[in-house]
Each structure stands twice: as structure tokens, then as C-alpha cells.
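Just so it is clear, none of the values below were taken in a lab; they were calculated from the coordinates. Please read all numbers here as calculations on a predicted model, not as lab measurements. Ideal geometry is used to build each Cβ from the backbone, glycine not excepted, and the neighbour counts take in all protein chains shown.
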Amino acid sequence: MTGESVIRLENVWRKYRMGDEIVDAVAGIDLAIQKGEFLLIVGPSGSGKSTLLHIIGGLEKPTSGRVLVDGRDLSRASDAELSRYRNQKVGFVFQTFNLQPTYTALENVALPLVFARVPAGKRVELAREALATVELSERARHRPNALSGGERQRVGIARALVNNPEILLADEPTGNLDARAKERIGRMLSDLHKERGLTLVLVTHDVESAKYADRRFNMRNGQLYEIRE
């Protein structure tokens, strides 16, 4: 870690209306994440973990407060600016993989490059490199239904890496995997964080992932509590 803050949340709230009730999914969070840091957030379902990750990733805007990334305020950004931010600076890894079922692994990995308007030949080259990074070169032509859960998640990680992001956001990446695949994915994310100098924010139920993180937080009722051991 460099000590330089890349992500800063200032009094961030995200409120939802559920019938007649207002729910605080994120409740006044102040948080600074350093460049190159691996931050882990654990907590039960409904605690606000995924909402917080979506706010950092520009998928949702806060109801109030500021979200600064390299000094730019995402909470005031236009939809076009947020789209560029997501495509150029951030990689997402999802619990449910979010792979296109009719696409091959290679085509799934290359998909973000289509939106980035990368030429077709270069897309294939970069997608192959990303699949090699997650040790899946031999599965490039397989579709998701021909892959195991762990392999599908590795395709998801390759897709998240293909644009060479600075920030990697992982939302329950081991939630649908068996114990062996969980260990492999956890170790792979940790290695990628170190090798690439990624700023990695991981939200999970899986406390085993805590051993890889620089800092650990528990999230309850929309608030963060740092775990100090």
C-alpha cells in the first residue's frame, strides 16, 4: 500500500422506501480506502454490504453524502461519466457469475471490451491473456453450462480483469462454490491483488477470506465496524 487514498466515502447514506417504511441500507458511512489496499467486509444478508459495493462501483448513487475516487465525486457524476468509470477503472466479480449462457468463456471475457470499442482482434488477444491469468486457457471455447462453478467464477474474474482496472470489487465471489473452489478463488484474488497492485474490496459471508485482507470490517444495519485483532 502507498498510503494514498483512492476511495473516500464521506457521510454516505442510501435510503430505500419499502411500503410505508424508509430503510437505511447504508447509514452515514465514513471510509477511506488506500491505493492498493485489500479491504474485506463481512456481515449477514441485508446488512448493506452489496449496496455499499454498488455505490463504490458507480452502480448506485448515494441518497446523500459524497463518494470520491481519485478526487472525483461519483455522487455528482452523470450517467455517461459513471459508465466510463465502470468500464475503465473498475472490475466487478459477482456471486452469480453473470455470464452470458450462449457465449463461450472467451466471448464472455471479451464482452467489456466490446463496450469499450476495442477492435475485434485486440479483444480476442486481451481475452485470451485474461483467461490465461486465471488458468483457463484450455476452456476458452466452452460455454458456461460446460464449466464447473469454480471455473465459471474464474471466467468472471478474467472478465473483471480484461480492461486492466485499478479497482476490483467482489460481491460474495465464493458464495456458490464448494470448499475447494472457495479456497482457490480466495487465494487467486489475493495473488492478483498483490501482483497487480489492485485496490480490492471484497464483501462476503466467508470469514476464511479474512486471512488475505489488509483490513477487515463487520457491517451491521448499514454501518461499518472495523475488526481489530
| message | Looking only at the range 169-211, count every residue that is among the hydrophobic types (A, V, I, L, M, F, W, C), out of contact with any strand residue (DSSP E or B) (no Cβ under 8 Å at 6 or more places or on another chain) and either at positive phi or loosely packed, with under 15 Cβ neighbours inside 10 Å (or both) and tell me the total. | response | 1
| field | Some residue of the range 48-61 being in contact with a Leu (Cβ under 6 Å, 6 or more places away or on another chain), of a type outside the set (Lys, Arg) and without any contact (Cβ under 8 Å) to a residue 60 or more places away in the chain | value | yes
| said: Conditions first: (1) closer than 25 Å to residue 88 by Cα; (2) in contact with a Ser or Thr (Cβ under 7 Å, 6 or more places away or on another chain). Residue 142 passes all but one, so which condition is the exception? | reply: (1)
| remark: residue 62: passes all of (1) farther than 20 Å from residue 154 by Cβ; (2) more than 17 Å from the chain's Cα centre (by Cα); (3) surrounded by fewer than 19 Cβ atoms within 10 Å (Cβ to Cβ); (4) not aromatic (Phe, Trp, Tyr) but (3)
| query | If you scan the range 45-59, which residues turn out to be assigned to a helix (DSSP H, G or I), buried (at least 23 other Cβ atoms within 10 Å of the Cβ) and not β-branched (Val, Ile, Thr)? | reply | 49, 52
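Let's see how each residue does on (1) under 12 Å from the mean Cα position of the chain (by Cα); (2) part of a strand (DSSP E or B):
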site: 150; (1), (2): no, no
site: 153; (1), (2): no, no
site: 156; (1), (2): yes, no
site: 159; (1), (2): yes, no
site: 163; (1), (2): no, no
site: 190; (1), (2): no, no
site: 194; (1), (2): no, no
site: 200; (1), (2): yes, yes
site: 210; (1), (2): no, no
| said: Looking at the structure I just gave you, is residue 166 touching a Lys or Arg at 6+ places or on another chain (Cβ under 6 Å) and either surrounded by 18 or more Cβ atoms within 10 Å (Cβ to Cβ) or not hydrophobic (A, V, I, L, M, F, W, C) (or both)? | reply: yes
| remark: The lone condition residue 180 fails out of (1) more than 15 Å from residue 154 (Cα to Cα); (2) in contact (Cβ under 8 Å) with a residue 24 or more places away in the chain is (1)
| task | Could you please let me know if residue 152 is more than 30 Å from residue 72 (Cβ to Cβ), surrounded by fewer than 19 Cβ atoms within 10 Å (Cβ to Cβ) and in contact (Cβ under 8 Å) with a residue 40 or more places away in the chain? | result | no
| message | I'd like the full set of residues that are surrounded by fewer than 19 Cβ atoms within 10 Å (Cβ to Cβ) and farther than 20 Å from residue 84 by Cβ, limited to the range 113-132. | response | 120, 121, 124, 125, 128, 129, 132
| note | Log entry, pairs with first residue in the range 68-92 being touching a residue at least 40 places away in the same chain (Cβ under 8 Å) and in a helix (DSSP H, G or I), second being surrounded by fewer than 17 Cβ atoms within 10 Å (Cβ to Cβ) and of a type in the set (Gly, Ala, Ser), beta carbons closer than 8 Å, six or more apart or on different chains, reads 87/116; 88/116
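Could you list all residues from the range 192-212 that are touching a Phe, Trp or Tyr at 6+ places or on another chain (Cβ under 9 Å) and within 21 Å of residue 178 (Cα to Cα)?
First, the residues of the range 192-212 that are touching a Phe, Trp or Tyr at 6+ places or on another chain (Cβ under 9 Å): 193-194, 198-202, 212.
Result: 202, 212.
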